[in-house]
Amino acid sequence: MKTRAAVAFAAKKPLEIVELDLDGPKAGEVLVEIKATGICHTDYFTLSGADPEGLFPCVLGHEGAGIVVDVGAGVTSLKKGDHVIPLYTPECRQCKSCLSRKTNLCTSIRATQGKGVMPDGTSRFKCDGATVLHYMGTSTFSNHIVAPEIALAKIREDAPFDKVCYIGCGVTTGIGAVIWTAKAEPGCRAVVFGLGGIGLNVIQGLRMAGAEMIVGVDINPARKNIAEKFGMTHFVNPTEVGGDIVPYLVNLTDGGADYTFDATGNVTVMRQALESCHRGWGKSIVIGVAPSGAEISTRPFQLVTGRVWMGTAFGGARGRTDVPRIVDWYMNGKINIDDLITHKLPLERINEGFDLMHAGESIRSVVEF
Ligand code: NAD
Ligand code: 022
Ligand code: ZN
């Protein structure tokens, strides 16, 4: 079939809207009509050429929602008409990782997904006869995609695509980091570094978990008002503190936070987050993705004295199990997504979405097909 997509033909070039050929789903695969997609940092990271694993030409996008159009042989968990969210972290429920119950990083299709192909080693996309690669197994910047059955979460049919697409990455990552990675408990004190599309979801996850003190740290003063709306109790702008922010935060939290979160991707901030944790039990969760080749450092004393440094991918969520629950939380009014979607664009203007992200003007831009 034919479909319309924003294609990354090469690094550093704007996306081009073109008509692609899309092959139907093979065994274990599903054809999905994407209705809406968010624009997230990793898409730009790859487009910029800074991602050493980036491959071109490809169809970027990993934060979508849509409807099943057709299923391949052997597909049992989905049927035509089902509403779905594509998962860049699949859940096969059979690999060593899924069976361990200790991680959400399913390994069953990791190798082919990273190479931009389906599990059989080929791509379903073509442009004028030439192969165009998939991206993160999702490629939600295309109006139609083929994805493995294990990389699709079935969601309720009354959920609006233009909002729940954000659960495909940002919402789940931020809220999941609190609930599944940190396992924050009622009454805890937390510090969140970076109040963007991820950090604001960390904040609403902390509010849900019953945190007593939620400190937000950002160099952009415009983030204060929206963060307060999502549950932040104290705002700190590092440029106004002057000097080292760590003792300032340790003092503010009466000895250090129970949980800190890096949602900036800056390795200096990651160190500040670890060192703002409470001696003996503080946990610091790295969410931000740092530039390739970057390294983190601290004195071993920080860890010997009982602080824990950990990271999270997709908030530790098991996609097919947990994503439908988060959609329910949204539909039941437990979480706010609407106020984080600051811009909506048609596919033709998708490149403007990247500009808004870099200017710090948007929290999330959503493209509707
Ligand atoms: P964003 O640009 O919307 O927000 C980042 C915020 O950090 C901005 O408000 C910015 O002003 C602030 N900031 C920058 N430098 C700072 C500093 N030195 N101190 C304090 N604040 C600072 O980005 P986002 O969409 O929220 O994503 C944040 C990070 O999370 C990115 O690195 C992204 O790649 C990563 N991410 C990780 C996962 C995962 O699974 N681990 C998933 C999604 C996103
Ligand atoms: C999403 N991310 C950042 C912004 N939006 C993001 C990027 C990378 C990961 C998670 C979220 C990530 C963490 C750990 C891994 N990835 C490796 C997982 C593994 O090896 O099992 C990651 C993922 C997918 C891809 C690359 C890296 C890919 O499909 N190319 C989950
Ligand atoms: Zn993302």
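Of the helices (runs of 4 or more DSSP H) lying entirely inside the range 130-245, those carrying at least 3 residues that are touching a Gly at 6+ places or on another chain (Cβ under 8 Å) are 170-176, 199-209, 223-229.
Being crowded, with 17+ Cβ neighbours inside 10 Å and within 16 Å of ligand 2 (Cβ to nearest atom) narrows it down to one residue among Val202, Val250; which is it? That would be Val202, the only listed residue that is crowded, with 17+ Cβ neighbours inside 10 Å and within 16 Å of ligand 2 (Cβ to nearest atom).
The number of residues in the range 37-67 that are away from ligand 3 (no atom under 16 Å from the Cβ), closer than 21 Å to Val367 by Cα and free of Cβ contacts under 8 Å to residues at least 40 places away in the same chain comes to 1. Of the residues making up the range 93-147, those that are at positive phi and more than 16 Å from ligand 1 (Cβ to nearest atom) are Arg93, Arg101, Gly116, Gly121, Asp128, Gly129, Ser139.
Checking the stated criteria, Thr173 turns out to be touching a residue at least 24 places away in the same chain (Cβ under 8 Å), under 16 Å from Arg318 (Cα atoms) and among the polar types (S, T, N, Q).
The residue list Asp262, Asp254 contains one member that is in contact with a strand residue (DSSP E or B) (Cβ under 9 Å, 6 or more places away or on another chain), farther than 26 Å from Ile167 by Cα and at pLDDT 95 or above, which is Asp254. Taking the listed residues Thr181, Thr89, Thr138, the one that is near ligand 2 (Cβ under 10 Å from one of its atoms) and touching a helix residue (DSSP H, G or I) at 6+ places or on another chain (Cβ under 7 Å) is Thr89, with no other qualifying.
Give me the residue from the range 285-303 that is touching an Asp or Glu at 6+ places or on another chain (Cβ under 8 Å) and at pLDDT 95 or above and, out of that set, surrounded by the fewest Cβ atoms within 10 Å (Cβ to Cβ). Residue satisfying both the conditions and the ranking: Thr298. Listed here are the strands (runs of 3 or more DSSP E) enclosed by the range 304-369 that have at least 1 residues being in contact (Cβ under 8 Å) with a residue 24 or more places away in the chain, surrounded by fewer than 21 Cβ atoms within 10 Å (Cβ to Cβ) and under 16 Å from the mean Cα position of the chain (by Cα): 308-311, 341-346.
Just checking, does the range 11-21 include any residue being within 24 Å of the chain's Cα centre (by Cα), at pLDDT 95 or above and of a type in the set (Gly, Ala, Ser)? Yes, the range 11-21 contains a residue that is within 24 Å of the chain's Cα centre (by Cα), at pLDDT 95 or above and of a type in the set (Gly, Ala, Ser). Among the residues of the range 92-114, those that are out of contact with any strand residue (DSSP E or B) (no Cβ under 8 Å at 6 or more places or on another chain) and assigned to a loop (DSSP other than H, G, I, E, B) comprise Cys92, Arg93, Gln94, Cys95, Arg101, Lys102, Thr103, Asn104, Leu105, Cys106, Thr107, Ser108.
The values are calculated or read from the model by the stated rules, or taken from the named source; none is laboratory data. Given the structure is predicted, the values throughout are model-derived calculations rather than measurements. For neighbour counting, all protein chains shown are included, and Cβ atoms are generated from backbone atoms with ideal geometry for every residue, glycine included.
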